[in-house]
1. How big is region 196-282 by Rg and Dmax over its Cα atoms, in Å?
2. With a cap of 11 neighbouring Cβ atoms within 10 Å, and only residues DSSP puts in a loop, list the trypsin sites (Lys or Arg not before Pro) found in region 175-282.
3. Based solely on C-alpha atoms, express the radius of gyration and the Dmax of region 10-76 in angstrom.
4. With every atom except the alpha carbons ignored, what do you get for Rg and Dmax of the chain, in angstroms?
5. Once phi is turned into ³J(HN,Hα) by the Karplus curve 6.51 cos²θ - 1.76 cosθ + 1.60 with θ = phi - 60°, what whole-Hz value does each residue of region 220-235 show in order, with x for glycine and proline?
6. Which residue, chosen from 202, 229, 144, occupies the Cα position most advanced towards the positive end of the dipole of the chain, where the dipole is computed from +1 (Lys, Arg) and -1 (Asp, Glu) charges on Cβ about the Cα centre?
7. Which residue fluctuates the most in the chain, going by a Gaussian network model with Cα springs under 10 Å, if the choices are 184, 62, 261?
8. Normalise the Cα radius of gyration of region 94-190 by 2.2 N^0.38 Å (N = residues in it) and let me know the number.
Amino acid sequence: MVNLPDGFNPFEHLQQTYKTEFNRRVDRYFRDVDGNGDLSSPRASLKLACRIDDNDNDAMMNMRHNLFFNVIGYSRKNLAVVYGSKFDTAPPVAGHPQLFFVFSQDESASPIEESPIQHEKSVRLMKFSCASGNVKPAITKAEMTEIANEIKTNFLSSSRGITYTCGNKSVSYTDPDNGFPRGNYILVNSKPDAVEIYEKICNVIDIPFHSDRVLLNDPDKASTTTATAGKVTILGKQVQNRRYRPVAVLRFRSAYISLGNLVPPVFLIDTTLRNQSLIKYP
């Protein structure tokens, strides 16, 4: 237990400590002004207005605090500078259902040493919420079934899943208001393949597609195959090196909606017949 002197006044102690620490920061900020400030210049006048005096009441101390930290802006000192508009912010996607499209390589086309390549592409359903009681209406089974039928129309051809070729190029499509946040991309061998997939997804969820929001990243590093990736020795045993963004034909397999939390995903359509889905295939 701390021993305090008789007659110790905690308020006076706090007030004096605050005054000392506050004025120290004011003096450092106005170190180009001699003394405690005066009316000889705008900077000197500001320093005089900011420094706490022994005779100040609570209202004056609060006004000096607000002037120094908020109006002059000392509270923002040393904060990171963010370039861009403060209004250029994406809407939060948490709480909205997430629709996944699953593509994978045919088993017969996969090298013996490798597992079939599988990619997923997702979009948030911004028109709906996962649960009731939110601003947006909770998605229903009927609405999921409608989306499933749209997927069947757009992603199946002759009762088989459509295909595209994956590769080393990443193509992003950014439309946060409609469920495509930044940092979301698809790996393809050519840009048109990605554009076609994005167009189909937009058709499925009934939103407009904007070609000017597609961004291609074409790296200098080329795709590798099982042969060119080579092998490495780990613990005295040769193992296959991981391929870098290999080129392969991927076929649409299934689509499901994730509602977050501990709720199992709802499969809309599954061409592999491994999961029970809302609509039948084919």
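1. Gyration radius and largest Cα-Cα distance of region 196-282: 19.4, 55 Å.
2. Values: sites: 182, 200, 213, 221, 231, 237, 242, 243, 251, 253, 274, 280; in loops: 182, 221, 242, 243, 274, 280.
Here the trypsin sites (Lys or Arg not before Pro) that fit, given the DSSP loop and packing criteria, are 182, 221, 242, 274, 280.
3. 11.6, 38
4. Answer for the chain, Rg first and Dmax second: 31.0, 93 Å.
5. 5, 6, 7, 4, 10, 9, 4, 5, 6, 5, x, 10, 10, 9, 10, 6
6. Of the candidates, 229 comes out farthest on the positive side.
7. Taking springs between Cα atoms under 10 Å, the residue moving most is 62.
8. On the way: Rg = 16.2 Å, N = 97, 2.2 N^0.38 = 12.5 Å.
Against the empirical 2.2 N^0.38 Å value, I get 1.29 for region 94-190.
Computed from the coordinates by the stated procedures, all read-outs in this text should not be read as laboratory data. The model shown is predicted, which means the values in this text are computed figures rather than measured ones. For neighbour counting, all protein chains shown are included, and Cβ atoms are generated from backbone atoms with ideal geometry for every residue, glycine included.
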